[in-house]
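The values are calculated or read from the model by the stated rules, or taken from the named source; none is laboratory data. Everything numeric here is computed off the predicted structure, so don't read it as measured data. For neighbour counting, all protein chains shown are included, and Cβ atoms are generated from backbone atoms with ideal geometry for every residue, glycine included.
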Amino acid sequence: MSVFESSILKSFLAQQVISRIRRNHGLEHATLHVLAEKNAARSMGGHSNPSGFWLVADIPTEEIQEAVREALRRLRAGERHLAVHPGCGTNFATAGTMAGLAGVVGMWGVGARKRDKLERLPLVATLATLALIFAQPFGNVLQKHITTSGDPGDMEIVEITFTQRGRVKAHRVITRG
């Protein structure tokens, strides 16, 4: 295999891994939406990877299994919006990055004097607040087009298992396809 062919193969495999993560991430979010319809007051979270995702929640395994199947069914039926979730880490990373950059921009041009920096704090606070306002819809756009996929394709649910470490209860959802 030539270096060029090897490079193409590595690129193809990387794209496949990213596609699996995005689809698993979308199914994770859709599952969280379905679970929230029945468990609005419960705290839940998740983490996706190429082989599936984790759901951290104190919810019976049977209910998790039903929710995962319903989420997959609804995504396949065209409810692609379920792949975007307001509690996604993408939104938090977007908000933090944008607010941090706004703070840097607000401090530009400040001399070494402490007084100059203090005088700019209202500007920095205003810019950071505006950044946070714009970050919410931008984070959702990033989810929709980059970090999740609402198209599960030929994804199948292979296994759902329960684990507990201390007081933390979690379910591992394994997928393929």
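The table below lists the values:
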quantity	calculated
Some residue of the range 72-88 being surrounded by fewer than 21 Cβ atoms within 10 Å (Cβ to Cβ), in the same structural domain as MET155 (by TED's automatic domain parsing) and of a type in the set (Val, Ile, Thr)	no
Matching residues, the range 118-174, being among the charged types (D, E, K, R) and surrounded by 12 or more Cβ atoms within 10 Å (Cβ to Cβ)	ARG120, LYS144, ASP151, LYS169, ARG172
Verdict on GLN136 being farther than 24 Å from VAL104 by Cα and either of a type outside the set (Val, Ile, Thr) or in the same structural domain as GLY103 (by TED's automatic domain parsing) (or both)	no
Whichever residue in the range 137-153 is assigned to a loop (DSSP other than H, G, I, E, B) and out of contact with any strand residue (DSSP E or B) (no Cβ under 9 Å at 6 or more places or on another chain) and, among such residues, is farthest from HIS47 (Cα to Cα)	GLY153
